[in-house]
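To keep things clear, I will list the structure first and then write my remarks on it.
The values are calculated or read from the model by the stated rules, or taken from the named source; none is laboratory data. If you're wondering where the values come from, they're calculated on a predicted model, not measured in any experiment. We place every Cβ from the backbone using ideal geometry, glycine too, and count neighbours over all the protein chains shown.
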Amino acid sequence: MRARASYDDVVVCAPVTVPYERFSRRSAHWWTGKAMRGLAATGFKPSDFDGFCFASFSAAPDSAVGMVQHLGLTPRWLDHIPTGGASGVMALRRAARAVQCGDADIVACVAADTNHLDSYRQILTGFSRFSQDAVYPYGFGGPNATFALITDQYMRAYGVEREDFGRLCVAQRRNAGSNPLALHRKELTLDDYLRSRAICDPVHLYDCVMPCAGAEAFIVTTPEIAARRNLPGARVRATIERHNAYPEDPVQLRGGWAVDVDALWTMAGIGPDDVDVLEAYDDYPVIVAMQLEDLGFCEKGSAAAFIRATNFEIDGDLPLNTNGGQLSAGQAGAAGGFQNVTEGLRQVLRKPLGAQVPDASVAAISGFGLVNYDRGVCTAAAIIEACR
Amino acid sequence: MTARFRREKRDPLARAVERHVPPGLRSRAMRAMSARAGQGHFALQRCLECRAVTYPPRDICPHCWSELAWEDQARGAVVLSETTIRVTTDLYFRDHLPWRMGKVALDAGPVALAHLHAGLKAGDRAEMKLVLDKGGNAALFAAPAAGDPAMPADVQGREFVVPVKDRTVLVSDGRNAVGRALVEALTAAGAGCVVAGLPPPARPADAKGEQFPAPMVRSVPLDLTDSRSVSECFARLGGPLDIVVNTARFVRPGGISRSANLIDQKKAFDIGALGFSRLAQAAAPLLVRRPCGAFVDILSVHGLAPDAGFAGLSASEAARYSLLQSFRHEMRAAGVRVSAIFAGPTDDEDHQSVPLPKVAPARLAGELIKLLEAGQEQRCVGDFAVDAMDRWLDDPALYSREKNV
């Protein structure tokens, strides 16, 4: 493989989180507009945005195209990213190349989803062809059932206990405690976790995210433009992306990160030990455990031991999902795949929603998206570092 | 009329239990799988070039992008992982929680999600069944590889079949040879109540055939050519009705320009085609209330392509097959299974001059019970029907030509 160009002359800045709501009467368009308003608060006018990158599950029948006209944008670069939980990192790396090559100067990356009373069922119903043909007819458990099958196999394959997943959930809930925007901030004990009701065995209540409405956004631009606006930013040290990795694995016990993990750290020029904060995709704790392994924070098969030996709280050894992650803050559809980027960015820029990870400069951000059939198809990761 | 017949005691204004069906949205490729499942096949797609078997159904081979074709596959599998679903937003599955499903590695190659028999856990060998769910779509069901995994006895398995035991069954014509054999077979299979419809006797000897010795059998006048008679029959039934088997037909030889008999033809249509509609129309409101409602029609395989020597019968059976498919479409939304048994000439008084092979009425009756308990949509019984269906599926134009040379 050819050596990849670095992301010189690009910064990511202006993290925006539109406060989540459990249910919303508003549309995805409204939530997108709110996010744009948040980006504009940094001093940009609507006409300044010459690039627009969009992710949503609930904007139908509109795509990024409809959204551009709805919002009155006139970009010279446009992208629509349908990869859900991987969309934030993917938006970042696409926008970064567009800015680096001069195709756009100021790219607004936005993910927004609403959540009406019946949205969850409706989005599931029309999610993918393989799901409608070969997953939903088997009990209609939605992603809970799919990840229950993965969790069941993963626990048996690597000797992971429910307590181990519980430790991740408890630590994330502690982190959520300082985040005023998190939907769940009440303390969760390991006992609460273990005693919670089964949803799809072995997945229990606190293994599941709460669907909600919300939006997340950030700007990718040049260091010069950011400096002119007095916007603190972070540079992109490395990114990876992979889709449909290991199709021959009968059950997903590893994700696409494992294919590209060496490329990630080589490009970043640092290793997992240099990471100050890890924002890993947390639709279910089993996927967090998988990322700890596949991104090189521990050996494959040793996630249980690593979790038992590591403090994942904000002042811990490896601060993980410092806003509480989706498990505590809520999953606002595709915005769930952006909140890892905005939270990682806030931590390294030292402007967190809640508590600050001491001296944070480097964030590892990881995305995982789209259960098309029996596993998440899209994986992505990025290493960003504050420009100081 | 015996007092044993169960009558549903309920206030006619009481709220009826609404029955839901599983999610029904499918791709065209998946519908092709359902069509094969309905005929009792365990079929998956296989690449014509690289020979790899693929699942879920695709439109092109994921290994070499060549064409795929449906092919019967080995039924063995190993259960890889399992879950018990306790929460769902789907109304049908909500009525049936908790629901066990799992992932299986098929001996044929691919992995698949499947409904799990209560006796299976991760690591077990399984035998896969390709069944139809309540919405009429193909579903993979993993049953224990060893022993006889009786589907009707399994808490989830029974959702994919039509149990006969303890059920109430109406046989539309209990007077003809097939009807009588069927009443006997249903009784032997443990049906709770069998109602034998009796068309008007055509000759004094017919009166002898009105006696059924088994205590759970009850006879009732039923003339499918008369809407009032059909209404009266169902008004007398009143109570729960799980299964209707339509054995009625009018078989007479005769062509169109040669040895034609329009009166015979008219009667064949009146019993076979219009009779089907009268019966189905009256039975539908009762069947949709039942957890495992089913309507089975016994069709002559001449309905696929005509036997010119039985032109009237062939035409009425073709019309009847068409009506059956429309009725099946309507009943899918209500979870009622509409099935067809295809038979060649039966070994009875209607086919006295027809050469062998002919299918024995008792055999036909036995296969019908098997069709119900396998939840099948279609089954051919006897060598004649199997051969006819094979040829017809292979080349319908050739078959209708060669059948009458």
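What's the number of the only condition in (1) over 12 Å from the mean Cα position of the chain (by Cα); (2) farther than 30 Å from residue A:117 by Cβ; (3) crowded, with 23+ Cβ neighbours inside 10 Å that residue A:328 fails to meet?
(2)
Here's a check for you: in the range B:94-104, which residue that is more than 7 Å from every other protein chain (Cβ to nearest Cβ) and of a type in the set (A, V, I, L, M, F, W, C) is surrounded by the fewest Cβ atoms within 10 Å (Cβ to Cβ)?
Across the range B:94-104, the extreme among qualifying residues is B:97.
Being in a loop (DSSP other than H, G, I, E, B) and under 19 Å from the mean Cα position of the chain (by Cα) is the filter here; which residues of the range B:170-203 pass it? Can you show your working first?
Let us first name the residues in the range B:170-203 that are in a loop (DSSP other than H, G, I, E, B), namely B:172-176, B:189-192, B:199-203.
If the condition is that a residue be in a loop (DSSP other than H, G, I, E, B) and under 19 Å from the mean Cα position of the chain (by Cα), then B:172, B:173, B:174, B:189, B:190, B:191 are the ones that fit.
I'd like to verify a number: residues in the range B:105-114 that are more than 9 Å from chain A (Cβ to nearest Cβ) and in a strand (DSSP E or B), how many?
Summing the residues that are more than 9 Å from chain A (Cβ to nearest Cβ) and in a strand (DSSP E or B) in the range B:105-114 gives 1.
When the residues of the range B:276-298 are narrowed to those that are assigned to a helix (DSSP H, G or I) and touching a Ser or Thr at 6+ places or on another chain (Cβ under 6 Å), which ends up surrounded by the fewest Cβ atoms within 10 Å (Cβ to Cβ)? Let's see the steps before the verdict.
Within the range B:276-298, the first condition is being assigned to a helix (DSSP H, G or I), and the residues that meet it are B:276-287.
Remaining after also requiring touching a Ser or Thr at 6+ places or on another chain (Cβ under 6 Å): B:278-279.
Working: B:278: 22, B:279: 24.
My answer is B:278.
Sort through A:240, A:225 and tell me the only one that's within 18 Å of the chain's Cα centre (by Cα) and either surrounded by fewer than 19 Cβ atoms within 10 Å (Cβ to Cβ) or at negative phi (or both).
Working: A:225 fails: within 18 Å of the chain's Cα centre (by Cα).
Residue meeting the stated conditions: A:240.
Could you grab me the full set of residues in the range A:134-165 that are more than 14 Å from residue A:307 (Cα to Cα), more than 7 Å from chain B (Cβ to nearest Cβ) and β-branched (Val, Ile, Thr)?
A:146, A:150, A:151
Any residue that is assigned to a helix (DSSP H, G or I), at pLDDT below 95 and either more than 22 Å from residue B:24 (Cβ to Cβ) or among the charged types (D, E, K, R) (or both) - is there at least one of those in the range B:324-335?
yes
Mind listing just one residue for me: the one in the range B:258-275 that is assigned to a loop (DSSP other than H, G, I, E, B) and among the aliphatic types (A, V, I, L, M) and, of those, modelled with the lowest pLDDT? Working first, answer last.
Taking the range B:258-275 first, the residues assigned to a loop (DSSP other than H, G, I, E, B) are B:258-261, B:273.
Next cut, among the aliphatic types (A, V, I, L, M) only: B:260, B:273.
On the way: B:260: 83, B:273: 97.
Of everything passing the filter in the range B:258-275, B:260 is modelled with the lowest pLDDT.
Please count how many residues of the range B:209-243 are in a loop (DSSP other than H, G, I, E, B), at pLDDT below 95 and farther than 20 Å from residue B:186 by Cα.
1
Since residue B:232 meets every condition but one in (1) under 30 Å from residue B:19 (Cβ atoms); (2) under 23 Å from the mean Cα position of the chain (by Cα), which condition does it not meet?
The number of the failed condition is (2).
Tell me which residues, restricted to the range A:123-133, are surrounded by 23 or more Cβ atoms within 10 Å (Cβ to Cβ) and either hydroxyl-bearing (Ser, Thr, Tyr) or more than 14 Å from chain B (Cβ to nearest Cβ) (or both).
Residue satisfying the conditions is A:131 alone.
Please verify whether the range B:151-169 includes one or more residues that are surrounded by 24 or more Cβ atoms within 10 Å (Cβ to Cβ), touching a helix residue (DSSP H, G or I) at 6+ places or on another chain (Cβ under 9 Å), part of a strand (DSSP E or B) and within 11 Å of chain A (Cβ to nearest Cβ).
No.
If you go through the range B:32-72 one residue at a time, how many are without any contact (Cβ under 8 Å) to a residue 24 or more places away in the chain and either closer than 18 Å to residue A:373 by Cβ or under 21 Å from the mean Cα position of the chain (by Cα) (or both)? Spell out the reasoning first.
Within the range B:32-72, the first condition is being without any contact (Cβ under 8 Å) to a residue 24 or more places away in the chain, and the residues that meet it are B:35, B:47-51, B:60-68.
In the following step, the residues that additionally are either closer than 18 Å to residue A:373 by Cβ or under 21 Å from the mean Cα position of the chain (by Cα) (or both) were identified as B:35, B:60-63, B:68.
Number of matching residues: 6.
What number of residues in the range B:9-41 are not in a helix (DSSP H, G or I) and not basic (Lys, Arg)? Walk me through it before giving the result.
Initial filter on the range B:9-41 (not in a helix (DSSP H, G or I)): B:9-27, B:39-41.
Among the residues that remain, those that are also not basic (Lys, Arg) are: B:11-14, B:16-18, B:20-25, B:27, B:39-41.
Matching residues across the range B:9-41 total 17.
Determine whether residue A:182 is more than 30 Å from residue B:129 (Cβ to Cβ) and in contact with a Gly (Cβ under 9 Å, 6 or more places away or on another chain).
Values: more than 30 Å from residue B:129 (Cβ to Cβ): yes; in contact with a Gly (Cβ under 9 Å, 6 or more places away or on another chain): yes.
Yes; evaluated as a whole, the condition is true for this residue.
Test residue A:64 against the stated conditions and say whether it is crowded, with 18+ Cβ neighbours inside 10 Å and more than 14 Å from every other protein chain (Cβ to nearest Cβ). Don't jump to the end; show me each part of the working.
On the way: crowded, with 18+ Cβ neighbours inside 10 Å: yes; more than 14 Å from every other protein chain (Cβ to nearest Cβ): yes.
Yes; evaluated as a whole, the condition is true for this residue.
Does at least one position in the range B:240-259 carry a residue that is surrounded by fewer than 22 Cβ atoms within 10 Å (Cβ to Cβ) and closer than 14 Å to residue B:286 by Cβ?
Checked against the condition, which is being surrounded by fewer than 22 Cβ atoms within 10 Å (Cβ to Cβ) and closer than 14 Å to residue B:286 by Cβ, the range B:240-259 yields at least one hit.
Residues in the range A:26-64 that are aliphatic (A, V, I, L, M), closer than 30 Å to residue A:227 by Cα and without any contact (Cβ under 8 Å) to a residue 40 or more places away in the chain: how many? Show your work before the answer.
Keep residues of the range A:26-64 that are aliphatic (A, V, I, L, M), which gives A:28, A:35-36, A:39-41, A:55, A:59-60, A:64.
In the following step, the residues that additionally are closer than 30 Å to residue A:227 by Cα were identified as A:35-36, A:39-41, A:55, A:64.
Right, trim to without any contact (Cβ under 8 Å) to a residue 40 or more places away in the chain and you get A:40-41, A:64.
Of the residues in that region, 3 qualify.
Across the range B:135-150, what is the number of residues that are touching a His at 6+ places or on another chain (Cβ under 8 Å) and outside any strand (DSSP E or B)? Lay out the reasoning, then the answer.
Initially, the range B:135-150 is screened for residues touching a His at 6+ places or on another chain (Cβ under 8 Å), giving B:139-144, B:149.
Narrowing further to those that are outside any strand (DSSP E or B): B:149.
Matching residues across the range B:135-150 total 1.
Which one is nearest to the other protein chains (Cβ to nearest Cβ), of the residues in the range B:120-144 that are within 24 Å of residue B:189 (Cα to Cα) and touching a strand residue (DSSP E or B) at 6+ places or on another chain (Cβ under 7 Å)? Break it down into steps so the answer makes sense when it comes.
First, pick out the residues of the range B:120-144 that are within 24 Å of residue B:189 (Cα to Cα): B:129-134, B:141, B:143-144.
Restricting the remaining residues to those that are touching a strand residue (DSSP E or B) at 6+ places or on another chain (Cβ under 7 Å) gives B:129-133, B:141, B:143-144.
Working: B:129: 14, B:130: 12, B:131: 11, B:132: 11, B:133: 6, B:141: 10, B:143: 15, B:144: 18 Å.
Filtering the range B:120-144 for residues that are within 24 Å of residue B:189 (Cα to Cα) and touching a strand residue (DSSP E or B) at 6+ places or on another chain (Cβ under 7 Å), the one nearest to the other protein chains (Cβ to nearest Cβ) comes out as B:133.
What are the residue pairs meeting all of these: first residue in the range A:94-122, first residue within 14 Å of chain B (Cβ to nearest Cβ), second residue not in a loop (DSSP other than H, G, I, E, B), Cβ atoms under 7 Å, and 6 or more apart or on different chains?
Qualifying pairs under 7 Å: A:115/A:211; A:115/A:213; A:120/A:211.
Can you name the number of the only condition in (1) in a helix (DSSP H, G or I); (2) without any contact (Cβ under 8 Å) to a residue 24 or more places away in the chain; (3) surrounded by fewer than 20 Cβ atoms within 10 Å (Cβ to Cβ); (4) not basic (Lys, Arg) that residue B:206 fails?
(2)
Scan the range B:363-379 residue by residue and report those that are buried (at least 22 other Cβ atoms within 10 Å of the Cβ) and either closer than 16 Å to residue B:303 by Cβ or under 10 Å from the mean Cα position of the chain (by Cα) (or both). Steps first, answer last, please.
Start the filter on the range B:363-379 by keeping residues that are buried (at least 22 other Cβ atoms within 10 Å of the Cβ), which leaves B:364-365, B:368, B:371-372, B:375-376, B:379.
Answer for the range B:363-379, where residues must be buried (at least 22 other Cβ atoms within 10 Å of the Cβ) and either closer than 16 Å to residue B:303 by Cβ or under 10 Å from the mean Cα position of the chain (by Cα) (or both): B:364, B:368, B:371, B:372, B:375, B:376, B:379.
Quick one: which strands (runs of 3 or more DSSP E) lie wholly within the range B:42-93 and hold at least 1 residues that are over 21 Å from residue A:149 (Cβ atoms), away from chain A (no Cβ under 14 Å) and among the acidic types (Asp, Glu)? So that I can check it myself, show each step before the final result.
Values: elements: B:43-47, B:68-72, B:76-85.
Ranges flagged: B:68-72.
Being in a loop (DSSP other than H, G, I, E, B) and away from every other protein chain (no Cβ under 14 Å) narrows it down to one residue among A:369, A:316, A:344; which is it? First the steps, then the outcome.
Numbers: A:369 fails: in a loop (DSSP other than H, G, I, E, B); A:344 fails: in a loop (DSSP other than H, G, I, E, B).
So the residue among A:369, A:316, A:344 that is in a loop (DSSP other than H, G, I, E, B) and away from every other protein chain (no Cβ under 14 Å) is A:316.
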